[in-house]
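Only one structure is covered here, and it is reproduced in the block below.
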Amino acid sequence: MTAPILHSYFRSSTSFRLRIALNLKGIETDYQSHHLKLGEQHSDAYLRVNRQGLVPSLVLANGTVLTQSMAIIEYLDETIPEPSLLPKDQETRAKARAMAQMIACEIHPVNNLRVLEYLRSEFGAGDSQVASWFRHWVDTTFVPLEQMLAERETAHRFCLGETPGLADICLVAQVANNARFDVDMSAYPVISRINAACMELDAFKKAAPAAQPDAE
Ligand SMILES: N[C@@H](CCC(=O)N[C@@H](CS)C(=O)NCC(=O)O)C(=O)O
């Protein structure tokens, strides 16, 4: 059977999320890179795949194109139920989704490449201002996330249990992005511990930016 095509970029944290989920589900893909800094996501050919010009996209063997990392990960979890990426208990599942969405909805959209480029082109922001913006929006959500994780009834190895799931996937991808903007992770010991526990696993290691074929 033809492998699905993964449209990705090594540094993209949303692609990192999807790569982890694909590895946890044991799915091999045909990797196609789009160099975001060179604007390859805006090529006519890629816009025919993903009308938004964003990575990742996953093209299934039957040609169906899936976009938006969280929607694709949910699709994978529904079609390949084991290992499950969400806790079985409904209340814990809602908490897992909330933690994942804190990162996916509150941090990533305001720190995406196109937003940072707009700060530069429209408002004349320089490197240090852009980095300061990035760190501000990370801290705004990482402070409460750290508190929520520290207040869990059980100090699980991963965000909400003893196996990694959707919240861990988003956390790890965000922590990798933070490193590029010198976020002070000493303020986030629980997040750092969970990140380290995840990064011991092959599915996460194999998905890491430095392990991708287009890594620079
Ligand atoms: N909400 C989307 C966001 C996708 C996204 O913005 N991807 C970034 C890379 S992490 C991108 O393609 N950026 C290109 C740009 O800003 O021009 C998802 O989760 O898939």
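The values are calculated or read from the model by the stated rules, or taken from the named source; none is laboratory data. Quick caveat, the model's predicted, so the values are computed rather than measured. We place every Cβ from the backbone using ideal geometry, glycine too, and count neighbours over all the protein chains shown. Just so you know, the surface numbers come from the protein's heavy atoms only, side chains and all, with ligands and any DNA or RNA stripped out. Shrake-Rupley method; radii C 1.70, N 1.55, O 1.52, S 1.80 Å.
Odds and ends about this structure:
- Cβ-Cβ contacts under 8 Å between residues 6 or more apart (or on different chains), taken from a first residue in region 177-192 that is open to solvent by 70 Å² or more (accessible area, probe 1.4 Å) to a second residue that is part of a loop (DSSP other than H, G, I, E, B), are listed as ARG180/ARG11.
- Every pair of residues 6+ apart whose Cβ atoms lie under 7 Å, when the first sits in region 198-216 and is more than 19 Å from LEU24 (Cβ to Cβ) while the second is of a type in the set (Gly, Ala, Ser) and open to solvent by 40 Å² or more (accessible area, probe 1.4 Å): PRO213/SER33; ASP214/SER33
- Filter result (closer than 24 Å to ASN112 by Cα and in a loop (DSSP other than H, G, I, E, B)) within region 160-197: GLY165, ARG180, PHE181, ASP182, VAL183, ASP184, TYR188
- For region 161-197, a residue qualifies if it is farther than 20 Å from HIS108 by Cβ and of a type in the set (A, V, I, L, M, F, W, C), and the qualifying residues are VAL190, ALA196, ALA197.
- Just one residue in the set GLU146, GLU122, GLU153 is modelled with pLDDT of 95 or more, assigned by TED's automatic domain parsing to the domain that holds SER186 and open to solvent by 80 Å² or more (accessible area, probe 1.4 Å); that residue is GLU122.
- In region 198-216, the residues that are part of a loop (DSSP other than H, G, I, E, B) and among the aliphatic types (A, V, I, L, M): MET199, LEU201, ALA208, ALA215
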